[in-house]
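Below is one structure, written out as structure tokens, with a few remarks after it.
None of the figures in this text is laboratory data; all of them are computed from the coordinates on show. Please read these numbers as outputs of a predicted model, since none were measured by experiment. Backbone-built Cβ (ideal geometry, glycine too); neighbour counts: all protein chains shown.
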Amino acid sequence: MNKIVILLAGLGVSVLLTGCATRSTVVLIPDPDGNVGQVVVTNDRGQQVLNEANQSVTVAGRNAAPGKVTTMTTNEVQAVFSDALAARPAPPARFILYFLLDSDVLTRESKAIVPDVLATIRKRGSVDVVISGHTDTVGTKEHNYKLGLDRTKAIHDILVAKGVAISSITATSHGEGNPLVKTGDNVREPRNRRVEIVVK
């Protein structure tokens with residue numbers, strides 16, 4: 001009996017094939033964004049590393065080392081794994097909205113993105129929307145944590161007013177603790193004055 005393992009890996013993964021009496025094939029598939037991680041296929045007889053798109057390795061059974069690494073064509077991958085690939089969930093959609101200095105008021109450009117956020121939530125039928133508030137380093141950490149919360153609340157209220165269920169939204173604040181652009185203390189950086197929205 002043949003067993004096929006398909007891995008969509010953006011990070012390093014190890015696959016340990018022990019006690020495997022059947023023939024197994026492991027294939028490394030890029031994630032939906034095209035990123036390729038690394039997979040180590042190992043058993044008591046040896047190991048092989050897959051670190052390029054569509055690389056595969058077959059292990060004939062428990063008493064055989066992993067075979068030679070080969071690369072499948074995109075057509076071969078599609079032919080063999082079409083059902084599995086079609087069943088993959090869509091990757092999360094990500095949006096960044098920017099705010100005026102020391103404020104929970106969106107910039108004009110970011111206000112224009114809000115309809116796209118709402119359309120994505122509706123199209124996906126999402127029940128998992130994460131809003132994370134961020135600030136630059138101007139002000140105290142306590143003030144910036146609260147400002148991050150105020151920014152998430154502003155976006156939360158906009159989404160709820162447009163029909164997104166409150167139960168679908170998770171809101172957090174990082175304050176100045178997770179800057180998009182690293183700066184020193186008390187530095188005005190518009191790209192850090194933001195809310196990040198992840199729609200799953």
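In table form, for the structure just shown:
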| item | result |
| --- | --- |
| 0 to 90° range, to nearest 10: angle between helix 141-161 axis and the chain longest Cα axis | 80 |
| Beta bridges per DSSP with both ends in the chain, % antiparallel, nearest 5 | 55 |
| For region 93-199, share of DSSP beta bridges that run antiparallel, in % to the nearest 5 | 65 |
| For the chain, with +1 on Lys and Arg beta carbons and -1 on Asp and Glu, the positive-most of ALA86, THR152, VAL117 along the dipole | ALA86 |
| Helix axis angle, 74-86 relative to the chain longest principal axis, alpha carbon, degrees | 60 |
| Whole-Å distance, taken between Cα centres, linking region 121-141 and region 143-200 | 4 |
| Cα-based helix-to-principal-axis angle, 114-124 vs the chain, degrees rounded to 10 | 40 |
| Top of SER56, SER173, SER82 by mean-square fluctuation, Gaussian network on the chain, Cα under 10 Å | SER82 |
| Relative packing of 34-45, 62-73, which averages over residues the other C-beta atoms within 10 Å, highest first | 34-45, 62-73 |
| Relative contact order (%) - the chain, alpha-carbon pairs under 8 angstrom, separation at least six | 18 |
| Theoretical ellipticity at 222 nm over the chain - DSSP helices of four or more residues, -39500 (n - 2.57) apiece, nearest 500 | -7500 deg cm²/dmol |
| Loop-located trypsin sites (Lys or Arg not before Pro) in region 82-184, at most 14 other Cβ atoms within 10 Å (DSSP) | LYS162, LYS182 |
| Gain upon complete extension [ALA64, ASP102; 0.36 nm per residue less C-alpha separation] | 7.4 nm |
| Local electrostatic count at SER168 - Lys and Arg +1, Asp and Glu -1, tallied over other residues with Cβ under 15 Å | +3 |
| Cα-centred dipole magnitude for region 36-112, charges only on beta-carbon of K, R (+1) and D, E (-1), debye, nearest 20 | 180 |
| Lys, Arg +1 and Asp, Glu -1 on Cβ, resulting dipole of the chain about Cα centre, debye, nearest 20 | 360 |
| q = 0.08, 0.15, 0.19 Å⁻¹, the chain: log10 I(q)/I(0) [Debye, one scatterer per Cα] | -0.44, -0.88, -1.12 |
| R0 of 41 Å, Cβ-Cβ distance ASP116-VAL40: FRET efficiency to nearest 0.05 | 0.55 |
